[in-house]
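Values quoted throughout were computed directly from the atomic coordinates according to the rules given, and no laboratory measurement underlies them. These numbers were taken from a predicted model, which means no experiment stands behind them. Using ideal geometry, Cβ is built from the backbone for each residue, glycine included, and neighbour counts are taken over all protein chains shown.
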Amino acid sequence: MTATQFVFLLTGAVTLGAALLVVLSPRLVHAALWLILSLAGTAVLFVLLEASFLAVVQVAIYIDAIAILIIIVIMLTRRVMIRGEAQITRNWWLGAISALIFLGGLLVLLNMMPITAIDTPPTIADTNQLLEDLGRSLVDVDRFILPFEVASILLLAALIGSIMIAWPLSTRAEGEGDQ
Amino acid sequence: MDQILGDPFGWFNQLLRSLLEGWGLSPGFTSFVLNLLGAFVMGLGVLLLTLLLIWAERKIVARIQDRLGPNRVGPFGILQTVADLVKLVTKELIVPVGADLGPYNLAPLLAVMSVVGLWAVVPLAPRLLGADINVGVLYVVSIGAISTLSILLAGISSNNKYAILGAFRTVAQMVSYAVPLVLALIVPTLLAGSMGMVEIVEEQRSIWFLVIAPVAALIFFISSIAEVGRAPFDLLEAESELVAGFHIEYSGLRFGMFFVAEFLHAFTISALTATLFLGGWQGPGAAEYPLLGLFYFGIKTALVYFVVIWIRGSFPRIRIDQMNQLNWKLITPLALVSLMVTAVVEKLVVDMGLIRIGVHLGANLLLLAITLWALRAYARAVRRRVEDPMGSQT
């Protein structure tokens with residue numbers, strides 16, 4: 001077993017374990033923390049595949065923005081610190097059966113895929129070139145500029161919406177109240 | 001001797017490697033052990049440097065405030081930090097009732113980890129750095145924002161309303177100032193053509209990026225001071241308002257870790273400013289003799305750190321609404337405009353050399369002049385409104 005395989009197995013185990021604990025944790029804050037660990041495990045997997053940009057973007061977007069947002073939202077709900085009810089409901093067998101069917105379907109699909117060499121991940125020749133290609137593809141007329149612009153409009157709409165929601169119910173002639 | 005001076009770090013690496021392989025280890029395992037050793041030495045060195053940094057800060061702030069600073073323990077009070085550390089270590093670790101033990105213990109670790117992890121990508125000398133990744137700038141942003149997470153965890157898990165208030169304020173400040181930080185970080189990326197820190201330092205061979213983009217350097221500097229939570233943005237530790245902010249319930253060495261993380265973070269952003277805008281290890285003769293490059297890097301970082309301490313000793317604390325206004329009304333638009341100006345000038349001026357530098361500098365100074373004029377007009381309007389509240393209201 002090479003070092004890469006060992007690290008991959010360890011990371012995979014940690015990611016899967018953390019993902020399981022997200023669902024099983026009785027406290028919401030703990031569930032959010034296990035989610036962060038799972039996302040960090042995914043970032044390590046990206047590093048193993050030599051996709052450095054994706055790994056760093058994964059940490060920057062998921063852990064530093066989305067996870068913090070999740071924790072803040074959890075804090076804004078009441079009764080957060082109290083241990084919740086039992087995490088296993090009455091119809092757990094239904095969930096178990098559907099999960100097993102899903103797993104079976106995935107295994108069948110993966111068996112049908114042609115896999116030639118499974119030893120090492122394909123080494124990417126020039127990551128700088130890939131990064132530049134990614135940047136160019138986002139603004140290329142033939143490629144991804146339309147989704148890029150639509151995403152920016154969506155973000156702008158979300159920003160304006162949040163400002164509108166957070167705007168204080170203003171009273172007249174109060175001045176700006178700043179400084 | 002010439003080879004040692006020309007490439008001291010490579011020579012040392014070769015020495016250790018031949019030693020370990022002579023003991024019978026396989027080459028792959030030797031690489032692993034050497035990498036581990038390098039990471040350990042870097043982390044340890046940076047943390048031990050904090051002792052000196054805290055002493056320097058206390059002395060300089062004391063002199064600005066017309067007093068002496070620590071001068072009893074050891075010559076010039078150098079061992080004062082050691083004494084404080086011993087005190088912190090021997091204090092009782094009090095855990096509040098009802099605190100969530102997982103995040104409570106994890107938060108100081110994350111705070112220190114995020115700061116020490118930043119040192120992995122800073123190029124200290126021509127061939128001396130932790131990891132040469134080609135997305136170094138983005139790595140700085142992402143790892144630096146883990147400290148935001150740690151503060152949030154610390155505040156939430158402390159079972160204390162003041163801690164939660166302090167944590168939310170802190171997170172609001174850090175998330176707000178991350179926006180102009182990233183925008184200002186794009187400018188050296190643009191000028192160097194790559195996100196890797198090594199390439200950014202190499203591109204400053206002829207001229208520092210501070211000369212080409214002073215507005216971006218200033219915005220980066222101010223935003224990083226706000227990100228760290230140093231004065232004048234230290235409303236997180238405003239004793240008169242929040243007792244102690246998010247780390248009220250931390251005592252002993254856990255508080256010590258937050259303490260160390262804050263001071264080290266201030267030094268780390270000085271190192272980043274020196275790397276991105278002041279040319280890192282560049283200097284006369286640094287390319288041939290890497291030790292000279294290390295020396296230049298140290299001097300530049302110390303200079304920026306001195307400015308950070310100077311700012312701490314000079315300005316009053318900013319209120320939270322002033323901080324928000326400053327960020328969203330001034331610094332973020334300025335960062336956006338500076339980025340656009342730099343991009344446009346970089347594309348329009350095809351000449352390399354003095355003309356390009358002159359046009360960049362001129363555009364930036366024009367931007368600064370317009371900003372100052374706009375600020376003055378705004379201040380005049382506010383002053384007029386304060387003096388005449390009823391007259392001009394329509």
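Under a 5 Å amide H cut-off, with hydrogens placed 1.01 Å from N, B:Val349 pairs with nothing among residues at least 5 apart or on other chains. Taking the Cα centroid of region A:1-51 and of region B:281-303, what is the distance between the two, rounded to the nearest whole Å? Here the two parts' Cα centres lie 40 Å apart.
Given R0 = 22 Å, the distance between the Cβ atoms of A:Val108 and A:Leu20 translates into a calculated FRET efficiency of 0.40.
Note on A:40-52: average number of Cβ atoms from other chains within 10 Å of each residue's Cβ is 1.
Within the listed set B:Ser150, B:Ser270, B:Ser206, the Gaussian network model of chain B (springs between alpha-carbon atoms below 10 Å) gives the highest mean-square fluctuation for B:Ser206. Rounded to the nearest 0.05, the FRET efficiency derived from the C-beta distance between A:Ala13 and A:Leu130 at R0 = 35 Å is 0.75.
Taking each residue as 0.36 nm, the span from B:Arg319 to B:Ile4 lengthens on full extension beyond its C-alpha to C-alpha distance by 108.0 nm. Shown in residue order for region B:321-329 are the 3J(HN,Hα) couplings computed by the Karplus curve 6.51 cos²θ - 1.76 cosθ + 1.60 at θ = phi - 60°: 6, 4, 5, 5, 4, 4, 5, 7, 9 Hz (x for Gly and Pro). Dipole magnitude for region B:101-383: about 680 debye, using +1 per Lys or Arg Cβ and -1 per Asp or Glu Cβ, origin at the Cα centre.
Between B:Leu253 and B:Glu387, residue separation times 0.36 nm minus the direct Cα-Cα distance comes to 43.1 nm. With a Förster radius of 35 Å applied to the beta-carbon distance between A:Ser98 and B:Leu101, the computed FRET efficiency rounds to 0.50. Here's the picture: charge each Lys and Arg Cβ at +1 and each Asp and Glu Cβ at -1 in the protein assembly as shown, and of B:Ile54, A:Tyr62, B:Val359 the one pushed furthest to the positive end of that dipole is B:Ile54.
Which one of B:Ile269, A:Leu39, A:Met113 has its Cα pushed farthest toward the positive end of the charge dipole of the protein assembly as shown, where Lys and Arg give +1 and Asp and Glu give -1 at the Cβ? Result: B:Ile269.
Ranking B:Gly136, B:Leu101, B:Leu339 by Cα position along the charge dipole of the protein assembly as shown, where only Lys, Arg, Asp and Glu carry charges on their C-beta atoms, puts B:Leu101 farthest toward the positive end. Charged side chains reduced to their Cβ positions (Lys and Arg at +1, Asp and Glu at -1) give the protein assembly as shown a dipole of some 1640 debye around its Cα centre.
Region B:172-195 and region B:1-64 have Cα centres separated by 29 Å.
Each residue of region A:6-20 is assigned a 3J(HN,Hα), and the resulting list reads 4, 5, 5, 5, 4, 5, x, 5, 5, 5, 5, x, 5, 5, 5 Hz, derived from the Karplus form 6.51 cos²θ - 1.76 cosθ + 1.60 (θ = phi - 60°), x at Gly and Pro. Among the DSSP helices (H) of chain B, those spanning at least 20 angstrom by Cα along their long axis with an average Kyte-Doolittle hydropathy of 1.6 or more are B:214-228; this is a geometric and hydropathy rule only.
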